[in-house]
1. Of all residues in region 294-334 being among the basic types (K, R) and either assigned to a helix (DSSP H, G or I) or in contact with a helix residue (DSSP H, G or I) (Cβ under 7 Å, 6 or more places away or on another chain) (or both), which is farthest from I277 (Cα to Cα)?
2. Could you grab me the full set of residues in region 265-293 that are outside any helix (DSSP H, G or I) and among the small types (G, A, S)?
3. Residues A101, A117, A19: which one is buried (at least 16 other Cβ atoms within 10 Å of the Cβ), in contact (Cβ under 8 Å) with a residue 40 or more places away in the chain and over 28 Å from W250 (Cβ atoms)?
4. Would you please name the residue that is farthest from T185 (Cα to Cα), looking only at residues in region 1-50 that are among the acidic types (D, E) and not in a helix (DSSP H, G or I)?
5. Restricting the search to region 91-118, which residues are in a helix (DSSP H, G or I) and either in contact with a Phe, Trp or Tyr (Cβ under 6 Å, 6 or more places away or on another chain) or small (G, A, S) (or both)?
6. What about E127, is it acidic (D, E), modelled with pLDDT of 95 or more, surrounded by fewer than 20 Cβ atoms within 10 Å (Cβ to Cβ) and in contact with a Ser or Thr (Cβ under 7 Å, 6 or more places away or on another chain)?
7. In region 207-224, how many are over 24 Å from the mean Cα position of the chain (by Cα) and loosely packed, with under 12 Cβ neighbours inside 10 Å?
8. Counting just the residues of region 150-172 that are crowded, with 17+ Cβ neighbours inside 10 Å and touching a helix residue (DSSP H, G or I) at 6+ places or on another chain (Cβ under 7 Å), which one comes out nearest to I259 (Cα to Cα)?
Amino acid sequence: MAEPFDPSLPSIEFLRQEARRRMPGFAFDYLEGGCNSNVNVRRNTDDIRKIKLKPYYVRDYAGSNLETTLFGQTYSAPFGISPVGLQGLMWPKSCEILAAAANEHNVPFVLSTVGTASVETVSELTEGKAWFQLYHPAEEELRDKLLKRVEAAGCPVLVILADTPTFAYRPLEIRNGLSIPPRMTLRNICQMVAHPTWSFSQLAAGSPEFKTMKPYIPKGLDMKHLGLFMNKTFSGRLTVDRIKAIRDIWKGKLVVKGIVNVEDCQKVVDLGVDGIIISNHGGRSLDAGQSTIEVLPELAQKFGKRITVMIDSGMREGPDIACALASGAQFTFMGRSFMYGVGALGKKGGSHTITMIKRQLQQVMEQVACPTIQDFPEHLIRS
């Protein structure tokens, strides 16, 4: 398999800068932004980068292997692409670009309920290997319709979202009037005109839509009423009863995303879930919350032998993944890194970013003499 790599953009920060240059401000703000003052966006990454790894320079070492098996599927690396909503607004066809790249590189891709490609399209692009993240609908009828489509599409893993019981307060989105399609304010129009590559690509791709949700959205809604419809459709907190009902229906692997404490983890374990993703929605929901890496060691120690403990939020590059694995995670997910890649390089961005992160992680493993990802905890320097 060819691994296209652009040496002029050899880090996530370089990709971020290029994406910022190519994307309209309202689209980049949505990608970058957290909630309130962005405190937890920064905390997630800062706390990961406080972790230190111990290298062994004179021990016998035959090389490293990035492969890992997760829910019966062997992947080429211990990271996947997190579910991201409104991807097509940030860069046209980015959902499809990343799904295809994930399949090419054999890493998992997770489609969001509010993604801009349908579950059927993404399943085809990934040859039936894509995961699906469910925003739990307020009505059981819609939940059941979505689950039937996800099952028919062949998705092996269902991820239930727990960390958005209410819509977050995001000042940048409020200022930008963020919506799908983007609101035609003078400010937004000027930004589109100033970014012709994005604009012409968007024209060619067509206006972004919530493709999986499209059959259930009444036709002819203006932007205000579309927002009201979506808010009403997905209002409500994930409860034990709601998880139990899905566990009874869904026969594939079941993961709950957004678990950050022992009490919640014990409840979902008792309900028979197969795994959790420790997540705070990329710092987009609660500024006053803990970082995900802060809660990882306790949850991994208490539950890691009963379920698969995964993590997202805050990781950007290979060394961050290494630190999360050393701290007890069995697998990792990232969202912003791959969106920076697509924003910077368009169709080539997904493959470039996956290739780069694999190389970074490989280098860390070789530097510290870590043979497999399961050996990373041996290299953690404990304070």
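The values are calculated or read from the model by the stated rules, or taken from the named source; none is laboratory data. The structure displayed is predicted, hence computed values, not measured ones. Note that each Cβ is placed from the backbone with ideal geometry, even for glycine, and that neighbours are counted across all protein chains shown.
1. Of region 294-334, the ones among the basic types (K, R) are 302, 305-306, 316.
Filter once more, so that each one left must be either assigned to a helix (DSSP H, G or I) or in contact with a helix residue (DSSP H, G or I) (Cβ under 7 Å, 6 or more places away or on another chain) (or both): 302, 306, 316.
On the way: K302: 15, R306: 14, R316: 16 Å.
Among residues in region 294-334 that are among the basic types (K, R) and either assigned to a helix (DSSP H, G or I) or in contact with a helix residue (DSSP H, G or I) (Cβ under 7 Å, 6 or more places away or on another chain) (or both), the one farthest from I277 (Cα to Cα) is R316.
2. Restricting attention to region 265-293, the residues satisfying the condition of being outside any helix (DSSP H, G or I) are 271-280, 284-291.
Correct list: G272, G275, S279, S285, A288, G289, S291.
3. Details: A101 fails: over 28 Å from W250 (Cβ atoms); A117 fails: over 28 Å from W250 (Cβ atoms).
Being buried (at least 16 other Cβ atoms within 10 Å of the Cβ), in contact (Cβ under 8 Å) with a residue 40 or more places away in the chain and over 28 Å from W250 (Cβ atoms) holds for just one of A101, A117, A19, which is A19.
4. Quick first cut of region 1-50, residues among the acidic types (D, E) only: 3, 6, 13, 18, 29, 32, 46-47.
Still in the list and also not in a helix (DSSP H, G or I): 3, 6.
Numbers: E3: 41, D6: 36 Å.
That would be E3.
5. S94, L98, A99, A100, A101, A102
6. On the way: acidic (D, E): yes; modelled with pLDDT of 95 or more: yes; surrounded by fewer than 20 Cβ atoms within 10 Å (Cβ to Cβ): yes; in contact with a Ser or Thr (Cβ under 7 Å, 6 or more places away or on another chain): no.
In short, no.
7. Residues meeting the conditions: 6.
8. Selected residue: D163.
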